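Structure record follows, encoded as structure tokens.
What follows draws every value from the coordinates through simple rules; no lab data is involved. Because the structure is predicted, anything quoted here is derived from the model rather than measured. Positions of Cβ are generated from backbone atoms using ideal geometry, with glycine treated the same way; all protein chains shown enter the neighbour counts.
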Amino acid sequence: MTGIFLQARIDSSRLPAKALLALGGRTLIEHAMVRLRRVPADVYVLLTDEASLPFLAPYARARGFAVFAGPRDDVLARYVMAARAYGVRTVVRATGDNPLVSAVAASAALALHRREGADYTGFRDLPLGTGVEVVNASALFRAAEETVDPYDREHVTPYVRRGEGGLVVNLVDPPPSWAAPHLRVTVDTLDDFLFVCRIMSEDPDVEIEDLVARWGGKARDAVVEGVR
């Protein structure tokens, strides 16, 4: 059983309540959910904390996502609890600050994961904010049982990505037309948000290949200055 797990909270020190910022008629978190619903899976779940639940739940349910609230800071435990609650064996991990997450790349990563049988699968060198991680729930269970590092628990997959305990990690190069590690389309600051707004004003449904072709050579700061 495969689950799309999208993590988000309402609090953000650099860009408060960014998940609910309006972006072309939808909130930022809704853009991520709409795109992730295009990835084949058995369940779609927004993972949040109790404080954020009342703010995010209505948007999630309207977009076909169940909602699960878990620990605020121990995000690894939140994933483990959700995987057990929904009986998920394969987790596609996405984050709510990525409105341009690529359904094409996520579907490809999931297919590769199933074919190769690794514990963890991901693409290198995608534009920051377009990728997902695919990880076996059993690997997350092991990480939660064995790691005592707060960093591992806050960031969910570092223990697995290190290949601890013989876990098999499959990080692969993407098709050349998807590769642009210098291109940043995650939203962490106001400038990030303005840049993504500019991109989506031209094509709100832009996918990874066109994104790289159109914006891979642009300097973000110059684009942002043009929309201030």
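Scan SER102, SER138 and give me the residue that is more than 18 Å from the chain's Cα centre (by Cα), at negative phi and touching a residue at least 40 places away in the same chain (Cβ under 8 Å).
Checking each option against the conditions leaves just SER138.
For ARG214, state whether it is among the basic types (Lys, Arg), under 28 Å from LEU21 (Cβ atoms) and touching a residue at least 24 places away in the same chain (Cβ under 8 Å).
Values: among the basic types (Lys, Arg): yes; under 28 Å from LEU21 (Cβ atoms): yes; touching a residue at least 24 places away in the same chain (Cβ under 8 Å): no.
Considered against the rule, which asks whether it is among the basic types (Lys, Arg), under 28 Å from LEU21 (Cβ atoms) and touching a residue at least 24 places away in the same chain (Cβ under 8 Å), ARG214 comes out as no.
Candidates ALA105, ALA83: the one that is over 21 Å from THR186 (Cβ atoms), buried (at least 19 other Cβ atoms within 10 Å of the Cβ) and in contact with a helix residue (DSSP H, G or I) (Cβ under 6 Å, 6 or more places away or on another chain) is ALA83.
One residue is enough: does the stretch 72-79 have a residue meeting the conditions more than 23 Å from VAL206 (Cα to Cα), among the basic types (Lys, Arg), surrounded by fewer than 21 Cβ atoms within 10 Å (Cβ to Cβ) and touching a Ser or Thr at 6+ places or on another chain (Cβ under 7 Å)? Working first, answer last.
Taking the stretch 72-79 as the starting set, the residues that turn out to be more than 23 Å from VAL206 (Cα to Cα) are 72-79.
With the extra rule that they be among the basic types (Lys, Arg), the set shrinks to 72, 78.
With the extra rule that they be surrounded by fewer than 21 Cβ atoms within 10 Å (Cβ to Cβ), the set shrinks to 72.
Filter again for touching a Ser or Thr at 6+ places or on another chain (Cβ under 7 Å), leaving none.
No; the residues of the stretch 72-79 include none that is more than 23 Å from VAL206 (Cα to Cα), among the basic types (Lys, Arg), surrounded by fewer than 21 Cβ atoms within 10 Å (Cβ to Cβ) and touching a Ser or Thr at 6+ places or on another chain (Cβ under 7 Å).
Of the candidates ALA8, ALA57, ALA19, the single residue that is without any contact (Cβ under 8 Å) to a residue 40 or more places away in the chain and either more than 12 Å from the chain's Cα centre (by Cα) or surrounded by 16 or more Cβ atoms within 10 Å (Cβ to Cβ) (or both) is ALA57. Return the residues of the stretch 158-201 that are among the hydroxyl-bearing types (Ser, Thr, Tyr) and under 30 Å from ARG214 (Cβ atoms); say none if nothing qualifies. Listed by number, the residues that qualify are SER177, THR186, THR189, SER201.
Going by what's in this entry, would TYR120 be described as free of Cβ contacts under 8 Å to residues at least 40 places away in the same chain, closer than 30 Å to MET1 by Cα and among the aromatic types (Phe, Trp, Tyr)? So TYR120 does not fit the description; no. The number of residues in the stretch 178-212 being aromatic (Phe, Trp, Tyr) and over 17 Å from the mean Cα position of the chain (by Cα) comes to 1.
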